[in-house]
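The structure under discussion appears below in the form of structure tokens.
Rule-based calculations on the coordinates, nothing more; no lab input. Computed from a predicted model, the values in this text were never measured in an experiment. Cβ coordinates were reconstructed from backbone atoms using ideal geometry, including for glycine residues, and neighbour counts include every protein chain displayed.
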Amino acid sequence: MSSLEQSTQPETCPRCGRARHSGEDACPRCGLLVVRWRTFRPDADDPPGLQPLWEGLVAAWSDAAAHDRALAVASNLAALPALARRYRARLAADAGDEMARERLQRVAVLVETGARAQAEEQVQRSSLFRVVYFAGYVVGVMGMAVAAYVLFIVLRQRH
């Protein structure tokens, strides 16, 4: 990327709001390439039900139960990053909004927990594959040993 292109790029990631540092070609937080920052539309990938959910949440901002319900719905819609983006925007507009700060933290914990569970599941599947592969190898070797022994007995009886 040329220095002219770098200077015309936005200074914050449009997906996650992280400030851009010199020399970065992609956002380290969410991975969005810097060259796509100008044309990126954050709401384009949002599930249809998220915007009305957010509007209802804003109307009942001080109700912790409403935030819990929104978190559950966003989780079911696989829209936690979009919900986090909205909380970050709310914090950017009002840095003292403790509800937004606390709920953004909860979203981050949920996302991290989900990522860890997914990674653990992948490791377990990988371990299971290794066990099955090893068991198949042992059975194959034993089968070849039995076949060799039977062949030895047959050939010995013929002579």
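In the elastic network of the chain, a GNM with C-alpha springs shorter than 10 Å, the most mobile of 105, 118, 51 is 118. When the trypsin sites (Lys or Arg not before Pro) in segment 33-107 are filtered for DSSP coil states and for at most 12 other beta-carbon atoms within 10 Å of their beta-carbon, the remaining sites are 38. Rounded to the nearest 10 degrees, the angle from helix 50-59 to the longest Cα principal axis of the chain is 40 degrees. Against the main long axis of the alpha-carbon atoms of the chain, helix 80-93 sits at an angle near 30°.
The Cα-based radius of gyration and maximum Cα-Cα distance (Dmax) for segment 32-74 are 13.8, 40 Å.
Per residue of the chain, the DSSP helices (runs of n ≥ 4 H) give a summed -39500 (n - 2.57) that works out to -22500 deg cm²/dmol at 222 nm. Mean separation of Cα pairs under 8 Å and 6 or more residues apart, divided by the residue count, gives the chain a relative contact order of 14 percent.
Relative to the first principal axis of the alpha-carbon coordinates of the chain, what is the inclination of helix 64-76, with its axis defined by its Cα atoms, in degrees from 0 to 90 and to the nearest 10? The two axes meet at around 40 degrees. Placing pseudo-labels 7 Å out from each Cα toward the beta carbon at residue 18 and residue 135 gives an inter-label distance of 4.2 nm.
By count of other Cβ within 10 Å, fewest leading, how are 126, 75 ordered?
Neighbour counts put them in this order, fewest first: 126, 75.
P(r) for segment 43-129, from all Cα pairs and a bin width of 10 Å, is 17, 45, 23, 11, 4, 0 %, short bins first.
Taking N as the number of residues in the chain, what is its alpha-carbon radius of gyration divided by 2.2 N^0.38 Å? All intermediate terms of the calculation are to be shown ahead of the outcome.
Details: Rg = 27.7 Å, N = 159, 2.2 N^0.38 = 15.1 Å.
So the Cα radius of gyration is 1.84 times the expected 2.2 N^0.38 Å.
In whole percent, what relative contact order does segment 43-129 give with Cα contacts below 8 Å and a gap of six or more residues?
On the way: 41 pairs, mean separation 19.7, N = 87.
The value is 23 percent.
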